Amino acid sequence: MVLPCVESLRLVDHHCHGLLTRDLDRAGFERMLTESDAPTPAGTTLFDSNIGFAVRRWCAPVLDLPPFSGPEEYLARRREIGVDEVNRRFLRAAGISAFCVDAGYLPEPLMSASELGTTCGGTGHDILRLERLAESLAVDIVTGQLGVTHFADTIRERLAGAGPTTVGLKSVAAYRVGLALPATRPTDREVTAAAREWLAMIRRGAPIRLASPLLHAFLIWTGADAGLPIQIHVGYGDADLDLQRCNPLLLTGLLRALAPTGVPVLLLHCYPYHREAGYLAQLLPTVHMDVGLAVQNVGRRASAVLGEALELVPFSRFLFSSDAFGLGELYLLGALLFRRALSAVLSEGIADGDWTESDAARVADLIGAGNARRIYRLGEPGRETTAVTSSRARDSLYCAAEDSRTGPSS
Amino acid sequence: MVLPCVESLRLVDHHCHGLLTRDLDRAGFERMLTESDAPTPAGTTLFDSNIGFAVRRWCAPVLDLPPFSGPEEYLARRREIGVDEVNRRFLRAAGISAFCVDAGYLPEPLMSASELGTTCGGTGHDILRLERLAESLAVDIVTGQLGVTHFADTIRERLAGAGPTTVGLKSVAAYRVGLALPATRPTDREVTAAAREWLAMIRRGAPIRLASPLLHAFLIWTGADAGLPIQIHVGYGDADLDLQRCNPLLLTGLLRALAPTGVPVLLLHCYPYHREAGYLAQLLPTVHMDVGLAVQNVGRRASAVLGEALELVPFSRFLFSSDAFGLGELYLLGALLFRRALSAVLSEGIADGDWTESDAARVADLIGAGNARRIYRLGEPGRETTAVTSSRARDSLYCAAEDSRTGPSS
Amino acid sequence: MVLPCVESLRLVDHHCHGLLTRDLDRAGFERMLTESDAPTPAGTTLFDSNIGFAVRRWCAPVLDLPPFSGPEEYLARRREIGVDEVNRRFLRAAGISAFCVDAGYLPEPLMSASELGTTCGGTGHDILRLERLAESLAVDIVTGQLGVTHFADTIRERLAGAGPTTVGLKSVAAYRVGLALPATRPTDREVTAAAREWLAMIRRGAPIRLASPLLHAFLIWTGADAGLPIQIHVGYGDADLDLQRCNPLLLTGLLRALAPTGVPVLLLHCYPYHREAGYLAQLLPTVHMDVGLAVQNVGRRASAVLGEALELVPFSRFLFSSDAFGLGELYLLGALLFRRALSAVLSEGIADGDWTESDAARVADLIGAGNARRIYRLGEPGRETTAVTSSRARDSLYCAAEDSRTGPSS
């Protein structure tokens, strides 16, 4: 059912989180399976859902159970095998060769990028969450180690000093203030004033949690100056989110203003605004997108969602991600349902004579791995020494930075 | 074409209106067929539409005509048979075992819930429209039978005193002020002030028509205190509506605040925001949804719409409704097109090996009847004496009320 | 694959632009192919997209190349044949019998409506862009040929004096201020004040570019007074656009207020808001829609988009347009992909027994040509002397103007 060119893809998961390293009971498992943080009412179960059926269909066999085993049987077997072996099995089955891991959300310890890579025989890369950078700087200022007037410059320095394992940045402005961010680059004076206000709130007892449209925008601009690809949470997320503020069209002005920097922006998740994201990605050559997280949650509907998402976006601007968090199942389902969906979309085009098999194979490679390797300069799998090629690709891909004054080399 | 487990379902129609009891000419029929209240331009006909084709395909045979008979022939035969027999035939053909009837909109006399039940051999249940409760209280105050300071308490008393045939409540805030309702529970002082303002407008000659975000929110909170499931109009409706104000995401804050009460909220219709509604229903265990009204209007596209709607929502939180109003045809089409759509969605999953036949049958039963029976505590068909079971179900389903001070027992 | 009744349709393209009359290099071709005005990053190509595949699949054979020829080969052959022959071939292959040409956007010289008609053996008709009318009047006032107090009356006179080749009007308010236009008809006093303000800005050096919600609304009302169908840009467009301001639901109030005039309004493009547009077109009998521009850009997904668009809209209120601009390929793809999509939608309905072949043929004729001929009073192809019939159709289609004081005959 899955095209060989898709089956054999060594996927690059350009956005995921770490693995949980403890065993779970049924309630804990159901709670981690979806984005809801509330238990389901008595007499009902989240296994009666697209993602629940997908677990029973596709994950049960990985644990040596027949497909469609019941939830109790599944959870019992999961505990029997133990979390380490469960994780190892699902990660190997997912067929992912590289992980870009956002470790910015850690309600409890999770595997790091490098541990994840080791577990599955791939490579792990770090995605730095911009808000954590700002929040850790806020701590330094509040504890008297730095003055607030250094806020902007220190962010720049720390971003410029991000180690070689950091391949990209991420903004969660969507969760904090929504995506109606200012379109123009904030001045240092504005940044200092906003930082001062934020720090005053922290000193009055507010939690250390950035939520300032101007500072979120500043972080994104500074990330662009550092020349690192910038992931932005868009659309679908957990119960903490106000989805209406997460429409990617709210970013139109900022994305347009960022385009001349040439730095890739990656709109994550996007559902149910994936068509809107595709429109932006067609119009602005620096805008890229995925439908991660939605893929495993919609289960067998992933091909319908992927078909819609791919309507306008050029195929060089669409990526695979799982957005898996905690459960090994989510890596497998993210990868497997994505493969099936991509295969369905491409097969139908071949069957209808709308493209050739070799076209389909090229598109599969771009979307499944090539675009991510180019954008994050990951090198080829098993040829991690191809730094020269990768750096050349960087030159040809990126335009000159719009404003070199604030660039990393200044 | 329709799965046996779907064909044999005795549907529960958790939201519909009454039947018209007079005969109609063609213009009157076309006007009741869709949500438009304007005649179609000369030389065109509403029969050239998805719902028009569905009438000719599926309703004509019920009147002993060949499928695809023309509009004139159809209307002539309809008048020949007479409205009583027409109603009887369509209701019996619909295969609905229980009706939850919103009798809150009555531009002319319609059949009541109990008459409807009798006509088709099922049971009828009442849905109380919250705005009518407030408007009838407004009359009592304006005519001097009550003081405005009793507004809040009287609403509570009347809701607590709703008879046993009332199984749920409904809000039409969408039509009046849109869904951007306040998220926090209004205080009695705020309610009194808003009621005073409204009554002053009525005394100055305004029509008795509630349109106050605060009072609509108060009614919903009071309904939750009374422990009755609350239907909220969302999305698609008639020409009176400003669709942009009816996006369910506007309700996010209020739904989140209501969740701890455990009282089910039912988002009605939802189209074209059914994916947004599904997102809310995945995240908040008290949120349920349907795509009633849209199903018959989109005709053969119902399976596409249903597939989208079911992407994220757990299957225990999705319900069938026809939202039929006036025409017997709308009950049949609502039920028949829903069966076909649900059957298509489930059959494709079986054919692709994504779920088993028994899974599909369980889901069909939940969506077609079980969820509604659980939520509205309707008991099993033909076993209306199972009150004990039903009451136990109530205990396990509902959490403790958030604020017992304002509860019905205080 | 395409139904005979669709294949044989002589389409009416109710909204397109002119043809480019110079040869293009690859960069120029890629830039005209989509709505983006930026080059694609090095190492990527816009040919890897739905529209790119459609060019290689469907356009290559028209230039005597095998399907799926590569971009370089395709562009070389295109230059070899020369732009005149390329244009002639694509236009003939498109099978369009009449073009309604919006010549209001001319970054460089394009073929006019009549030239376009001659090139393909059809008829050309003019669509007058309302903003150009206002902007040319602004020049007359700024250069002292007219006083600003004549603004409103002069617009009326010039619209009333539009020649017989002008069959409709167009508003691009979406590009200038978005679609949140005032719902009520502006008074002449308001129009004069707004015009005065606009002209003062021009005198202070602003470019002559209308961007005033009140004046855009005034132009639309005046167009309705003149009794000409009014096209309104909605949704999908080029990089200049803020898509979020182009949701047709923003027009709800204005469309409702215009409905009593009986003048047809045509919502253009609509994607990704085509379901919202379909809702408006079901509710308001004067509202029509298309999905032009989207059709060729989404390539083989056109049938999915068309299926969604046709859910609620009565089939007498949906039209074909290509919105082609510059490239001959866009006329062919607009027409060919539309035929395939319409054929797929209709064939599936026939196969499932939801409508008959003759129903499908009637719907195809309405959507592909009949609706446009009725609305724009174009007469039948090859029978351009049927002015009497056409005028009768006008009487029966249109209701009396709401406000005859400001009508063209006053």
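Charges were assigned to the Cβ only: +1 to each Lys and Arg, -1 to each Asp and Glu. The resulting dipole of the range B:71-217 about its Cα centre is roughly 240 debye.
Considering all C-alpha pairs of the range B:108-152, those separated by over 15 Å amount to 59%.
The mean number of Cβ atoms from other chains found within 10 Å of a Cβ in peptide B:309-321 is 6, as a whole number. Taking a ≥ b ≥ c as the square roots of the eigenvalues of the alpha-carbon gyration tensor, the range A:25-119 is classed oblate because a/c is 1.5 or more while a/b is no larger than b/c.
Counting only other chain Cβ atoms within 10 Å of each residue's Cβ, the peptide A:49-58 averages 5. Volume per residue for the range C:275-319 equals 59 cubic angstrom (convex hull of Cα atoms). Across the copies of the chain, C:THR184 has label points (7 Å from Cα along Cα→Cβ) spaced 3.5, 3.5 nm apart, shortest distance listed first.
Net charge in the neighbourhood of B:GLU329 (other residues with Cβ under 11 Å of its Cβ; Lys, Arg +1, Asp, Glu -1) is +3.
Summary for B:GLY121: label point 7 Å along Cα→Cβ; distances to the equivalent points in the other copies, ascending, 6.3, 6.3 nm.
At each listed q (0.16 Å⁻¹), what is the log10 of I(q)/I(0) that the Debye formula gives for the range A:271-363 modelled as equal alpha-carbon point scatterers? Computed log10 I(q)/I(0) values: -0.65. For chain B, complete DSSP H runs whose alpha carbons reach 27 Å or more along their own long axis and whose mean Kyte-Doolittle score is 0.0 or higher are B:328-351. At q = 0.09, 0.13, 0.21 Å⁻¹, what is the log10 ratio I(q)/I(0) for the range B:107-238, with the Debye formula run over Cα points and no solvent? Listed by q, the Debye log ratios stand at -0.28, -0.58, -1.33. Pairs of Cα atoms nearer than 8 Å and 6+ residues apart set the relative contact order; for chain A it is 21 percent. The GNM of chain B, with springs linking C-alpha atoms under 10 angstrom apart, assigns the highest mean-square fluctuation among B:SER343, B:SER171, B:SER36 to B:SER36. Of all beta bridges that DSSP places with both ends in chain B, some 5 percent have antiparallel geometry. When only alpha carbons are used to place a centre, the range A:283-321 and the range A:344-376 end up 13 Å from one another. Over chain C, the fraction of Cα-Cα pairs per 10 Å bin, rounded to whole percents and listed from the shortest bin up, is 5, 23, 32, 26, 12, 3, 0. Here the relative contact order of the range B:196-266, from alpha carbon pairs under 8 Å that lie six or more residues apart, stands at 32 percent.
Global dimensions of the range C:80-158 from alpha-carbon coordinates: Rg and Dmax equal 17.6, 56 Å.
When only Cα pairs below 8 angstrom with a gap of at least 6 residues are kept, the range B:23-84 shows a relative contact order of 31 percent.
Using a Gaussian network model of chain C in which every pair of alpha carbons under 10 angstrom is joined by a spring, one finds that among C:LEU327, C:LEU146, C:LEU241 the greatest mean-square fluctuation is at C:LEU146. The same position A:GLU73 in the other copies lies at 5.4, 5.4 nm from this copy, comparing label points 7 Å beyond Cα toward the beta-carbon, shortest first. Of the peptides A:100-110, B:177-187, C:221-231, the order by per-residue mean of other Cβ atoms within 10 Å, starting with the highest, comes out as C:221-231, B:177-187, A:100-110. Dipole check for chain A: with +1 at the C-beta of Lys and Arg, -1 at the C-beta of Asp and Glu, and the Cα centre as origin, the magnitude is about 540 Debye. Shape analysis of the range C:1-48 based on the Cα gyration tensor places the equivalent ellipsoid semi-axes at 31, 16, 10 Å, largest first.
The Cα atoms of the protein assembly as shown cover 84, 81, 57 Å along the three principal axes, with the biggest extent listed first.
Computed over the range B:162-209, the quotient of the alpha carbon radius of gyration and 2.2 N^0.38 Å is 1.45. Take every DSSP beta bridge whose two residues both sit in the protein assembly as shown; close to 5 percent of them are antiparallel. For the range A:27-73, compute Rh as the Kirkwood radius over C-alpha pairs and then the Stokes-Einstein diffusion coefficient at 4 °C and 1.567 mPa s; write the answer in µm²/s, rounded to an integer. Translational diffusion coefficient: 116 µm²/s.
Does the range A:173-256 come out rounded, prolate or oblate by the C-alpha gyration tensor, with a ≥ b ≥ c the root eigenvalues, rounded set by a/c under 1.5 and, if not, prolate when a/b is larger than b/c and oblate if not? The shape class here is oblate. Largest GNM mean-square fluctuation across C:PRO272, C:PRO248, C:PRO39, computed for chain C with C-alpha springs under 10 Å, falls on C:PRO39.
Bear in mind these aren't lab numbers, they're just calculated from the coordinates by the rules spelled out. Computed from a predicted structure; not experimentally measured. Ideal geometry is used to build each Cβ from the backbone, glycine not excepted, and the neighbour counts take in all protein chains shown.
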